[in-house]
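Values in this text are rule-based calculations from the coordinates and carry no lab data. The structure presented is a predicted model; accordingly, all values stated were derived computationally and were not measured. A quick note on method: Cβ atoms are made from the backbone with ideal geometry, for glycine too, and the neighbour counts reach across all protein chains shown.
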Amino acid sequence: DAKTTQPTSMDCAEGRAANLPCNHSTISGNEYVYWYRQIHSQGPQYIIHGLKNNETNEMASLIITEDRKSSTLILPHATLRDTAVYYCIVRALRNQGGKLIFGQGTELSVKP
Amino acid sequence: NAGVTQTPKFRVLKTGQSMTLLCAQDMNHEYMYWYRQDPGMGLRLIHYSVGEGTTAKGEVPDGYNVSRLKKQNFLLGLESAAPSQTSVYFCASSTGTITGELFFGEGSRLTVL
């Protein structure tokens, strides 16, 4: 599975959009981009995933560049409860066991 | 619906002792996983299972053994605990479909003195 690069930390003002970037320049055609978050040492929580097209759900939007070498997770109206570590993960379509390999993630701090 | 339940949530061991962490899921998921997380680090995969009776090694399998005798349970064993195994352990499960998301438990904090 391709590796990802994320900023170590980011700040965001409450109520504003949080844009979390992820670089995955070695991604291959059969690999999906997944986002999970971990709030204060709880178990990670699934947010969203995508292959080529932009995706949106009730939690967030995922924007994937046309060349698929990078993506951005958007939390449209960040709240204090969105303070967490966000993990961008690339996973092969036919990954043995469907396992996820986590990197260091981005620590997002939402400030009042 | 309990989801993924880990037992125990906290444990202190002395070096050389053995113990077993139990993970139970009630979602009828095929795949189950054990991760560990050290302070300030991301999660690292220890072992995983793609079905009852099967197990496979992850990124950091040394010092651990696992068993999946029943579909709903995945056990993680430490035969001879070492201080380097002090960590928070997370269990997860998924449906096993191609894009199935992982559901995580709340974690088990293990300290080895």
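Could you order peptides A:33-40, B:22-29, B:88-95 by the average number of other Cβ atoms within 10 Å of their residues, highest first? Write out the running numbers ahead of the final one.
Details: A:33-40: 19.9, B:22-29: 16.6, B:88-95: 23.6.
Highest to lowest by the protection proxy: B:88-95, A:33-40, B:22-29.
When the pairs A:Lys99/B:Lys71; A:Lys52/B:Lys71; A:Lys3/A:Lys52; A:Lys111/B:Lys9 are compared against a 27 Å limit on Cα-Cα distance, A:Lys52/B:Lys71; A:Lys111/B:Lys9 fall above it. Give me the percent of Cα-Cα pairs in the protein assembly as shown that sit more than 29 Å apart, rounded to a whole number. Percent of Cα pairs beyond 29 Å in the protein assembly as shown: 28.
Here the calculated FRET efficiency for A:Lys52 and B:Val60, from their Cβ-Cβ distance with R0 = 41 Å, stands at 0.80, rounded to the nearest 0.05. Neighbouring Cβ atoms from other chains, within 10 Å of the Cβ of residues in B:23-35, number 1 on average. For peptide A:96-108, the mean count of partner chain Cβ atoms within 10 Å of a residue's Cβ comes to 6.
How large is the translational diffusion coefficient of the stretch A:34-75 in µm² per second when you combine the Kirkwood radius over alpha carbon pairs with Stokes-Einstein at 10 °C and 1.306 mPa s? Don't skip to the answer; put the middle values down first.
Values: Rh = 10.9 Å.
In µm²/s, the coefficient rounds to 145.
Which FRET efficiency value, to the nearest 0.05, is calculated for B:Lys14 and B:Asp38 with the Förster distance at 25 angstrom and r the Cβ-Cβ distance? Working shown, then result.
Values: r = 20 Å, r/R0 = 0.79.
The computed FRET efficiency comes out at 0.80.
Placing one equal scatterer on every Cα of chain B and applying the Debye formula, the log10 ratio I(q)/I(0) at q = 0.20 Å⁻¹ is -1.03.
The Rg/Rh ratio for chain A, using Cα coordinates for both the radius of gyration and the Kirkwood hydrodynamic radius, is 0.95. What Cys residues in chain A have no fellow cysteine's beta-carbon under 4.7 angstrom? A:Cys12 - these cysteines have no disulfide-compatible partner (Cβ-Cβ under 4.7 Å) in chain A. Placing dummy labels 7 Å off each Cα toward the beta-carbon, the span from B:Thr111 to A:Ala92 is 4.1 nm. When its C-alpha radius of gyration is set against 2.2 N^0.38 Å (N residues), the stretch B:56-113 gives a value of 1.27.
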